[in-house]
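This report concerns only the one structure given below.
The values are calculated or read from the model by the stated rules, or taken from the named source; none is laboratory data. Model, not experiment: these values are computed from the prediction. Every residue, glycine as well, gets a Cβ built from its backbone with ideal geometry; the counts of neighbours run over all protein chains shown.
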Amino acid sequence: MPNLRDIAIFDISNQPSKADTPCTRLGNGRCAQLCFSFPVDQPTSPGFRCDCTTGVLAEDKHSCEDSKEFLVYTTRTEIHSLSLLPKSYNVPFDTVSDLTNVVGIDFDYTNKDLIFTQIRPDTKIAKVSSSNPT
């Protein structure tokens, strides 16, 4: 694999055993999933940062919670949604069907509306509520 690059692996068994970092002193920094120590010459308090492999960092900056974000996509005749959680098979909203030539889609997070463009039979910009898409 001569063209392979940009791989970083973080595994506790691959780390120096004598390292004295906030992550090792505090039992993974009290982080639920990932703990990243800052270099000792960097004057950052507390000297480490927690992060999540899936989901988002909770308000306490140590635990992780499920992300409320999702993917919205179109197949030209339908608008679909997909959860970004790896083990979730729930869809955030029902499929919007019976459309023709949907070529652009956006989501208004404030109003929870799906905004989309159709190019045929008539060009139009339309919107539907994601809480009750019909």
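Do the conditions hold for residue 125, that is, is it in a strand (DSSP E or B), at pLDDT 90 or above and surrounded by 14 or more Cβ atoms within 10 Å (Cβ to Cβ)? If you could, list the steps in order and put the result at the bottom.
Numbers: in a strand (DSSP E or B): yes; at pLDDT 90 or above: yes; surrounded by 14 or more Cβ atoms within 10 Å (Cβ to Cβ): no.
Answer is no for this residue.
Go over the candidates 88, 67 one by one and state the one that is assigned to a loop (DSSP other than H, G, I, E, B) and touching a Gly at 6+ places or on another chain (Cβ under 6 Å).
Working: 88 fails: touching a Gly at 6+ places or on another chain (Cβ under 6 Å).
One residue alone meets the criteria, 67.
I'm told residue 40 meets every condition in (1) of a type in the set (Val, Ile, Thr); (2) part of a loop (DSSP other than H, G, I, E, B); (3) modelled with pLDDT of 85 or more except one. Can you identify the failing condition by its number?
Answer for residue 40: the failing condition is (3).
Determine which member of the set 110, 117, 24 is loosely packed, with under 12 Cβ neighbours inside 10 Å, free of Cβ contacts under 8 Å to residues at least 24 places away in the same chain and not hydrophobic (A, V, I, L, M, F, W, C). First the steps, then the outcome.
Values: 117 fails: loosely packed, with under 12 Cβ neighbours inside 10 Å; 24 fails: loosely packed, with under 12 Cβ neighbours inside 10 Å.
One residue alone meets the criteria, 110.
Answer yes if at least one residue in region 93-109 is part of a loop (DSSP other than H, G, I, E, B), farther than 30 Å from residue 65 by Cα and modelled with pLDDT under 85, and no otherwise. Show your work before the answer.
Here is the first cut: in region 93-109, the residues part of a loop (DSSP other than H, G, I, E, B) are 93-95, 97-101, 109.
Subset that is farther than 30 Å from residue 65 by Cα: 97-101.
Adding the requirement that they be modelled with pLDDT under 85 leaves none.
Within region 93-109 (the criterion being part of a loop (DSSP other than H, G, I, E, B), farther than 30 Å from residue 65 by Cα and modelled with pLDDT under 85), the answer is no, since none of the residues qualifies.
Where the second residue is among the aromatic types (Phe, Trp, Tyr) and the first is farther than 19 Å from residue 91 by Cα and lies in region 46-73, which pairs have Cβ atoms under 7 Å and are six or more apart or on separate chains?
47/38; 48/36; 48/38; 49/36; 51/36
Yes/no per residue for (1) in contact with a helix residue (DSSP H, G or I) (Cβ under 9 Å, 6 or more places away or on another chain); (2) surrounded by 16 or more Cβ atoms within 10 Å (Cβ to Cβ); (3) among the hydroxyl-bearing types (Ser, Thr, Tyr); (4) farther than 30 Å from residue 126 by Cα:
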residue: 31; (1), (2), (3), (4): yes, yes, no, yes
residue: 47; (1), (2), (3), (4): yes, yes, no, yes
residue: 52; (1), (2), (3), (4): no, yes, no, yes
residue: 75; (1), (2), (3), (4): no, no, yes, no
residue: 81; (1), (2), (3), (4): no, yes, yes, no
residue: 86; (1), (2), (3), (4): no, no, no, yes
